[in-house]
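Below is one structure, written out as structure tokens; comments come after it.
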Amino acid sequence: MNLSGKKILLGITGSIAAYKAIYLVRLLVKAGAEVKVVMTPAARDFVSPLTLSTLSHHPVHIDLFQENEWANHVQLGRWADVMVIAPLSVNTLSKMAQGQCDNLLLATWLSATCPVVLAPAMDEDMWHHPFTQKNLQKLISIGHKVIPVEKGELASGLVGEGRMAEPETIFSFIQEHFFFREELKGRKAIVTAGPTYESLDPVRFIGNHSSGKMGVEIAKALYARGAAVTLVLGPSAQPNPSGIETIRVHSAQQMFEAVSDRFDQTDIAVMSAAVADYTPVNTAAEKIKKTGDRLVLELQKTPDILRTMGERKKNQVLIGFALETTNEREYALEKLRSKNADMIVLNSLRDEGAGFGKDTNKVTLFDKSGKEFDLALQSKQQVAHQIVDTLISIYYA
Ligand code: PMT
């Protein structure tokens, strides 16, 4: 599969298996991916940065500071579509599990907003040690994916479990999990995202704090799995994602019309927009002048897009969101039922790192068969992939 345009950040730690990272870089670059390498200082003893920079066509990053210049780990962490740490030594694993940050690789990992894949490498006894397994579970619980170790000859001369997976296996894993299995090929999806603005006059509106980030990531995650995606995006600073038909709208009514026109031809609809529930009865043609101490606005209900599509749906899979501040679970389940959705994604504004504007989110998914999936706090990109993974596992597996 062609990986052109895909950005892969490869982290290499101090392990004898580091030599295999050279082959991995070659495979990825040959498939068209752009690869940047970040190493721990210990990795330098096992593999030459010169070889890696030559093969990746990019400088290799090792130190937090180089010749009075600060290495921008935040930029590096945000650049990637996926970060792969291969090999992952037991030392780096244990530091990650504690959120430590004493080298550039760890700083970059802590700044990464993309999915993270780990390919551990160590001796068998270390691999089976309860602390190693506990540390791995910690990272899995925040959404990291682990490529299982293989059995074979180890650096110690013993034969057993602990060998890093072969570069071809890691390559296929990345391809399959992220770039992608195209389970949704031939399907059409529509996603609403962002806020809506309800105009009071030519200069003012009623709006909300949605940035559109969550919905844009969902549109990208559906597209990555092969769906033809239409994104109906309210006023948002997010750029149009490439490969996705993006329709920019302003008001709840416009969003409703854009969805309604396409819904019958759609297989999957995800309503992640924060749509205004009320809009002014009249929009003043000229700027409303300041007069008395009080101003009374008369508002009327906007069309409820999710509810209307729920009433109209035939074979579509309909996913709604619920943004709550109290009785979260109860209200989410009520929305699932009353709006005839197949799944509801609940965010609570009481959860740190969740909701409007942030790059992270913490959600719980409720499906209509009564299943509940509590996802860890993670980047909106990762949340989006997990929502789409869940959708596929229930409806398209
Ligand atoms: O955009 P970000 O800054 O990344 O933030 C993401 C988010 C917090 C906006 C997103 O994760 C989220 O929670 N979106 C739903 C927000 C919301 O308006 O929830 P609600 O509980 O008020 O609405 C319930 C559902 O009905 C939602 O699917 C909503 O899109 C839909 N709805 C609501 C009103 C309306 N008139 N039409 C609708 O379709």
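One quarter of the surface of the convex hull around the alpha-carbon atoms of the chain equals 23.5 nm², the direction-averaged projected area.
Where is the GNM fluctuation largest for the chain (alpha-carbon springs, 10 angstrom cutoff): LEU64, LEU52, LEU28? Per the Cα network of the chain with a 10 Å cutoff, LEU64 tops the list. Take the chain with all the other protein chains still there, run a 1.4 Å probe, and you get 48 Å² of accessible area per residue.
A DSSP coil position with no more than 13 other Cβ atoms inside 10 Å describes the following trypsin sites (Lys or Arg not before Pro) in region 170-223: LYS185. Judged by the gyration tensor of its Cα atoms, with axes a ≥ b ≥ c, region 280-324 is prolate; a/c meets the 1.5 cut and a/b is the larger of a/b and b/c. In this rough spin-label picture, where each label sits 7 Å from Cα along the Cβ direction, the ILE392-VAL203 distance is 5.0 nm.
Normalised by the number of residues in region 251-383, the average gap of Cα pairs under 8 Å and 6 or more apart makes the relative contact order 18 percent.
The label-point distance for ILE140 and GLU153, in a model that sets each label 7 Å from Cα toward Cβ, rounds to 3.0 nm. With each label modelled as a point 7 angstrom along the Cα→C-beta vector, the SER172-HIS250 pair spans 5.4 nm.
For the residues VAL84, VAL281, VAL47, a GNM of the chain with alpha-carbon springs under 10 Å puts the largest fluctuation on VAL281.
Summing Cβ point charges (Lys, Arg +1; Asp, Glu -1) relative to the Cα centre of region 117-231 gives a dipole of roughly 620 debye.
In loop segments of region 239-337 as defined by DSSP, the trypsin sites (Lys or Arg not before Pro) with at most 12 further C-beta atoms inside 10 Å of their C-beta are LYS287, LYS289, LYS290, ARG294, LYS314. Just to be sure I understand: of the beta bridges DSSP finds with both ends in the chain, what percent are antiparallel, rounded to 5? Once the DSSP bridges in the chain are tallied, antiparallel ones form about 35 percent. Tell me whether region 115-197 comes out rounded, prolate or oblate; compute the Cα gyration tensor, take square roots of the eigenvalues as a ≥ b ≥ c, and use a/c under 1.5 as the rounded threshold. It is oblate, given that a/c is not under 1.5 and a/b is not larger than b/c. Gain on full extension, evaluated as 0.36 nm per residue between ALA376 and LEU295 minus their Cα-Cα distance, stands at 24.8 nm. Taking the Cα centre of each part, how many Å lie between region 249-294 and region 331-397? If you average the Cα positions of each part, the centres end up 24 Å apart.
With the cut-off at under 17 Å, measuring from each backbone N in region 135-175 to a point 7 Å along the Cα-to-Cβ line of GLN98 picks out 135-139.
In a DSSP loop and with at most 16 other Cβ atoms within 10 Å, the GluC sites (Glu not before Pro) in region 290-397 are GLU298, GLU352.
The Cα atoms of region 207-270 give a gyration tensor whose axes a ≥ b ≥ c have a/c of 1.5 or more with a/b no greater than b/c, which makes the shape oblate. Put simply, the amide H of THR360, placed in the peptide plane, has neighbours under 5 Å in LYS380, leaving out anything fewer than 5 places away on its chain.
The values are calculated or read from the model by the stated rules, or taken from the named source; none is laboratory data. The shown structure was predicted, so the numbers you read here are calculated from the model rather than taken from an experiment. FYI the Cβ positions are ideal-geometry reconstructions off the backbone, even for glycines, and counts take in every protein chain you see. Ligands, DNA and RNA are excluded from the accessible area calculation, which covers all protein heavy atoms including side chains. Shrake-Rupley method; radii C 1.70, N 1.55, O 1.52, S 1.80 Å.
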